[in-house]
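The values are calculated or read from the model by the stated rules, or taken from the named source; none is laboratory data. A quick note: this is a predicted structure, and the numbers were derived from the prediction, not measured. Backbone-built Cβ (ideal geometry, glycine too); neighbour counts: all protein chains shown. The accessibility values were calculated without ligands, DNA or RNA, using every heavy atom of the protein model including side chains. Shrake-Rupley method; radii C 1.70, N 1.55, O 1.52, S 1.80 Å.
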Amino acid sequence: MAEIKSYKMLIGGQWVDAESGETFITVNPATGEPLARVPKAGDADVDKAVKAARKALPAWKALTQAQRNEYMYKIAAAIRENAKELATCEALEHGTPYQDAFGVCMGAAGKFEYAANIALALMGIQIPMEKGQLSYFKRGPMGVAALVIPWNFPIIMLAVKASAALAVGNTCVIKPPSINSMTDLVFARVIQSAGLPDGVVNIITGSGETTGKTLCCHPDVDVIGFTGSSETGQNVLKYASDTVKKCVMELGGNNPVLVYPDADLDALVGVLGFRQFNNCGQHCSGPGRYYVHEKVYDAFLQKLAAFADSIKVGDPLEEGTFMGPVVSKAQQKKIEDYVDGAVKEGATLYYTRKKTPEQEKGAYVMPTIVSDCTHDMKIAREEVFGPVAVIIKWRDGDDLVKLANDSPYGLCAHVWTRNLALALQLADALEVGNVFINCQTLSEEQSWGTNVKASGLGREGGLEGLKEFTDLKEITIDYKTF
Ligand code: NAD
């Protein structure tokens, strides 16, 4: 076996191994070969990291916003300078095509600048009181933030959480997804190169069930920023309850796409075809299941299949690759089982392709379209999180809002129609946190997330995302007494 590179964790400004000396290996999903050796943090390492973050907190939160922002801008510059290395890590360890990963790094830099800029304008609130009295809410950081990152976008997910937490004066302990640990350890090195004081950012690697759990249970953590599956999120909420920690949770989804007969099908396929297959469909905001009106059903399928057919699937490091492998063999099996199960339940495998012998070795899933699904099939009820379009036909008289809302999730929904009045009525009726009408744009200023059903608590990104990492203290004074 070829020599693989070892990486260390960042605790209190020092690059360290786990106290136990234990490590684990991450894998290149394109080849199935080992990629990196990373430390397996135990309870003692988690405790050291939380203590380091706690020690760094008073000085970090005492900085003026302008002083903290200098660090934030330096982090953004460091990300841009190191974007090639970061993008290569994400391509190798996550399977993101290099060009996309490079774009993700630019987006990550933008998150730190945006958070810094918006933090400058974050204000407290003054409350109207009787004459001679003053009452106001002062806004400050929560304290030590535990940031638990999912694998679907290891760099941008870390960036959106860390930028918000740090900008407003929290210190943090980051727990990357175990299978993409190397990428986030390299990212942490880039962040630290901005000259942050020791302990402001700490990163520990290990499995969710051990390292992640210990971190979320730690009594000295004040706020948890978590993105992952709803199932794990439920566990995290239980851990947090012991010391009543605030939790900002971005969880699972199965986003309905409502396609009306007057929809612009070319635009729809351009926007959602991209979302469906880019990053192998491992997008929380992507299409979960499509309800397509019978009048445009066949035309839509043909256009989507033509889009799928135009995609280059291959080595993430090769120019022009649109789709690399999914993140792991386990994820590959899970997705392919959903497709096999749907076909057994009566659905049609409308489009897929054969893998090359090279692709058979890696965790590749081909672009796939499954048509003739019904609302009750497993593939339409659960979160597939892969490059698989799940298509259901609807007819006049069907209660589409009821079908869309009949889900354990409430993350986002997509509406495609040229009837503005209908689109806005649907936006009101859909039980989700974000509704996209004839588009799917998420800019820096927008926030993402929901409090609906099993899809989450609170919001991430934008002004609202920044506020989640702050606390309000109300101070009331009778100044006639002085
Ligand atoms: P996951 O729940 O398996 O893991 C998420 C993170 O939690 C990882 O860092 C993991 O190591 C850690 N973890 C696992 N078990 C833990 C435990 N018991 N205690 C503490 N931490 C634990 O999710 P994933 O497979 O990495 O990501 C895919 C999921 O994330 C999908 O369900 C997807 O919908 C969801 N997601 C949601 C959003 C959103 O914004 N709502 C965004 C991206 C991904």
Point-charge dipole on Cβ atoms (K/R +1, D/E -1) for the range 304-373, about Cα centre, debye to 20: 160 debye
Antiparallel content of DSSP bridges confined to the range 359-482, in %, to 5: 20 percent
DSSP-defined beta bridges in the chain - what % are antiparallel, rounded to 5: 40 percent
Nearest-ten-degree value, helix 230-241 long axis tilted from longest Cα axis of the chain: 20 degrees
The range 1-153, relative contact order in percent, only Cα pairs under 8 angstrom and at least six apart counted: 18 percent
C-alpha long axis of helix 181-192 to longest principal axis of the chain, angle in °: 40 degrees
Distant-in-sequence amide H partners of G143 (H built 1.01 Å from N, under 5 Å): T171
Shape call, the range 350-421: gyration tensor on alpha carbons, a/c limit 1.5: prolate
DSSP bridge orientation in the range 285-402 - percent antiparallel, rounded to nearest 5: 25 percent
For the range 110-122, 3J(HN,Hα) per residue [Karplus equation, 6.51 cos²θ - 1.76 cosθ + 1.60, θ = phi - 60°, Hz, x = Gly/Pro]: x, 4, 5, 5, 4, 4, 5, 5, 6, 5, 4, 9, 6
Shape call, the chain: gyration tensor on alpha carbons, a/c limit 1.5: oblate
Under Karplus coefficients 6.51, -1.76 and 1.60, residue-wise ³J(HN,Hα) of the range 309-317 in Hz, glycine/proline x: 6, 7, 7, 8, 9, x, 5, x, 8
Over the range 318-367, relative contact order from alpha-carbon pairs under 8 Å, at least 6 apart, %: 51 percent
Estimated FRET transfer efficiency when R0 is 51 angstrom, pair E22-E318 (beta carbons, to 0.05): 0.90
Net lengthening on full extension, S193/T64 (0.36 nm per residue, minus Cα-Cα): 44.4 nm
Cβ-Cβ FRET estimate between T481 and V244, R0 fixed at 30 Å, reported to 0.05: 0.30
Percent carbon-and-sulfur accessible area, the range 53-140, ignoring ligands, DNA and RNA, probe 1.4 Å: 59 percent
Cα shape, the range 298-363, gyration tensor, a/c 1.5 rule: oblate
Other-chain or far-sequence residues with amide H under 5 Å of H293's (modelled H): V259, W394
Over the chain, relative contact order from alpha-carbon pairs under 8 Å, at least 6 apart, %: 19 percent
Long-range tail of P(r) for the range 134-279 (Cα pairs > 23 Å, %): 44 percent
Unit charges on C-beta of K, R, D, E only; dipole of the range 125-282, Debye: 460 debye
J(HN,Hα) series, the range 247-260, from Karplus relation 6.51 cos²θ - 1.76 cosθ + 1.60, nearest Hz, glycine and proline x: 10, 9, 10, 10, 10, x, x, 8, 6, x, 10, 9, 10, 8
Charge dipole (debye, nearest 20) of the range 117-216; +1 at Cβ of Lys and Arg, -1 at Cβ of Asp and Glu: 160 debye
Probe 1.4 Å, protein heavy atoms only - accessible area per residue of the range 339-431 in square angstrom: 47 Å²
